[in-house]
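Read the structure below first, then the notes.
What follows draws every value from the coordinates through simple rules; no lab data is involved. Because the structure is a prediction, the values reported are computed rather than measured. Cβ placement follows ideal geometry from the backbone for every residue including glycine, while neighbour counts extend to all protein chains displayed.
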Amino acid sequence: MDTRRKSSDTPPTPASGVQGAGAGGSVAGVGNDRTIPDIDLLTPLTIRGAALRNRIVVSPMCQYSAVDGMADDWHLVHLGSRAVGGAGLVFTEATSVAPEGRITPGDLGIWDDRQIEPLARVVRFIHRMGAVAGIQLAHAGRKASHRPPWDGGATLKVAEEGGWQVVGPSAVPFNEGDPLPRPLAEDEIGRIIEAFVKAGLRAIRAGYKVVELHSAHGYLLHEFLSPLSNQRTDLYGGSPENRMRLTTEIASRLREALPDEVPLFVRISATDWVEGGWDLAQSIALAKGLKSVGVEVIDTSSGALVPKATIPVGKNYQVPFAAAIRKEAGIMTGAVGMITEPDQASEIITSGSADLVFLAREMLREPYWALKAQQALNQDPNWPVQYGYAVRRR
Ligand SMILES: Cc1cc2nc3c(=O)[nH]c(=O)nc-3n(C[C@H](O)[C@H](O)[C@H](O)COP(=O)(O)O)c2cc1C
């Protein structure tokens, strides 16, 4: 018996408005689609109007290669290659909603209308290749103003070397000896919320079909979540509810502003890996709150709030967090971290641990990873037409 699955066996559901569902699709609000049998890595998934051809996601990856936050040929080729390579969803890197929210001066930005068209060029190509373009909106908070990693990644401490004053919830630096972040006043927090909303609207004008809020890895929103970096005593600090306020408020405002067909994802660090820090129980509570304001997917990462944490890095090490949040909060999740093999990735989906699998470094090593995964999992790879007829000849 020919057990090869053809991509045409499970066509993506056409964009269908708010409650997209169908073959491999998921009804937004139900939480997950595990009632539909035979779902694996290659099964399409429609979330609101975003029809993903499979569950393979190119994880957001900073390229530190922009000038004045503007995308250029590098971003087109970098992201475009991975769309050619068969992924279902291709995320543009952490894209800053404000100049001072950049990790390095080379970060992409979306604080200015001029930044829309260069991103739109990238988006058009990703969509032409049959993938869906997503963007991660970010503010680096106290971890802003650094050199790129290939230059050592040191803090840019003063304006003369291209640095700027960093901000955060409290005057607690990431590393001892780092410049103290300036605690944000409440009116400044209001302006940052507005900046995220405006950035989301610019992302829509650029054509993005998925928006992700970056609330992980020790950047601004995660700094508000964790009691280790947030020592405020106002509405944005203290109780877990207060610490979650900023992420939830931005998600809620973005949800109201985004078109119905555009799903909202939130990336979180499920734990700080430090006693007394942010942890899985708080992440589950946050996920429930985010679900109630219309967030569809929790992209589940971990760590990076503090420099010293013992993290058991290894194959699938963050997957249990995605599974627990999915189960306890009844929301779709993405798994990420040390996922490299097609069977491994597919098992994450078939076991019900997550709805999407995000790959980062393996996608750098192999931009055509998704095509190879299709082959490995006995599906006809969805080569672009320019390549497909030729490579199938032998
Ligand atoms: C070069 C590079 C840049 C990254 N930039 C981002 C980013 O912009 N936003 C983000 O949330 N994570 C970022 N990450 C983290 C990845 O998205 C991913 O979570 C992490 O690398 C673990 O996945 P992996 O084991 O498949 O690499 C970056 C990782 C790499 C390697």
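Determine the relative contact order of the range 114-170: mean sequence separation of Cα pairs under 8 Å and six or more apart, normalised by residue count, in whole percent.
Working: 38 pairs, mean separation 12.8, N = 57.
Answer for the range 114-170 is 23 percent.
I'd like the orientation of helix 116-128 relative to the chain: the angle between its Cα long axis and the longest Cα principal axis, in ° from 0 to 90, rounded to 10.
In the chain, helix 116-128 runs at an angle near 20 degrees to the longest axis.
Please list 40-53, 247-260 highest first by mean number of surrounding beta-carbon atoms within 10 Å per residue. Before the final figure, lay out the partial values.
On the way: 40-53: 24.4, 247-260: 18.7.
Packing order, densest peptide first, comes out as 40-53, 247-260.
For the residues L89, L156, what sequence is obtained by ranking on other C-beta atoms within 10 Å, fewest first? Please list the in-between numbers first.
On the way: L89 29, L156 18.
With the sparsest Cβ surroundings first, the list reads L156, L89.
Could you state the number of Å between the C-alpha centres of the range 59-92 and the range 312-367?
Going from one Cα centre to the other spans 21 Å.
Given the options G153, A51, G190, identify the residue whose Cα lies farthest towards the positive end of the charge dipole of the range 37-383 (+1 on Cβ of Lys, Arg; -1 on Cβ of Asp, Glu).
So the residue we want is A51.
Return the percentage of antiparallel bridges among DSSP beta bridges fully within the range 37-383, rounded to the nearest 5 %. If you can, show how the numbers build up before the last one.
Details: 5 of 42 bridges.
Expressed as a percentage, antiparallel bridges in the range 37-383 total about 10.
Charges only on Cβ, +1 for Lys and Arg, -1 for Asp and Glu: so what's the dipole of the chain about the Cα centre, in debye to the nearest 20?
Taking the Cα centre of the chain as origin, the dipole is about 1000 debye.
Rounded if a/c is under 1.5, else prolate if a/b is larger than b/c, else oblate: which is the chain, with a ≥ b ≥ c the root eigenvalues of its Cα gyration tensor?
Numbers: a/c = 1.71, a/b = 1.45, b/c = 1.18.
Prolate.
Helix 280-292 versus the longest principal axis of the chain: what angle, 0 to 90°, nearest 10, using Cα atoms?
Tilt relative to the chain: about 70 degrees.
Report the relative contact order of the range 287-394, percent, no decimals, based on alpha-carbon pairs under 8 angstrom and at least 6 residues apart.
Working: 128 pairs, mean separation 23.1, N = 108.
Reported as a whole number, the value is 21 percent.
Sum -39500 (n - 2.57) across every DSSP H segment of at least 4 residues in the chain, then divide by the residue count to get the 222 nm mean residue ellipticity, nearest 500.
Dividing the helical sum by the residues of the chain leaves -9500 deg cm²/dmol.
Take S269, S292, S81 and order them by how many other Cβ atoms sit within 10 Å, fewest up front.
Listing S269, S292, S81 from fewest to most nearby Cβ atoms yields S292, S81, S269.
For the chain, calculate the relative contact order in percent as a whole number, restricting contacts to Cα pairs under 8 Å that are 6 or more residues apart.
Computed value for the chain: 17 percent relative contact order.
Using the Cβ atoms and a cut-off under 13 Å, what net charge is assigned to the surroundings of D272, where Lys and Arg are +1 and Asp and Glu are -1? Before the final figure, lay out the partial values.
Working: positive: R243, K308; negative: E223, E275, D279.
Taking every Cβ under 13 Å from that of D272, the sum is -1.
Output the peptides 140-150, 207-217 sorted from most to least packed, where packing is the average of other Cβ atoms within 10 Å over each peptide's residues.
207-217, 140-150
Can you sort D38, D343 by how many other beta carbons sit within 10 Å, fewest first? Could the numbers behind the result be given before it?
Values: D38 9, D343 12.
Arranged by neighbour count, lowest to highest, D38, D343 become D38, D343.
Where does helix 240-257 land angle-wise versus the long Cα axis of the chain, in degrees 0 to 90, nearest 10?
50
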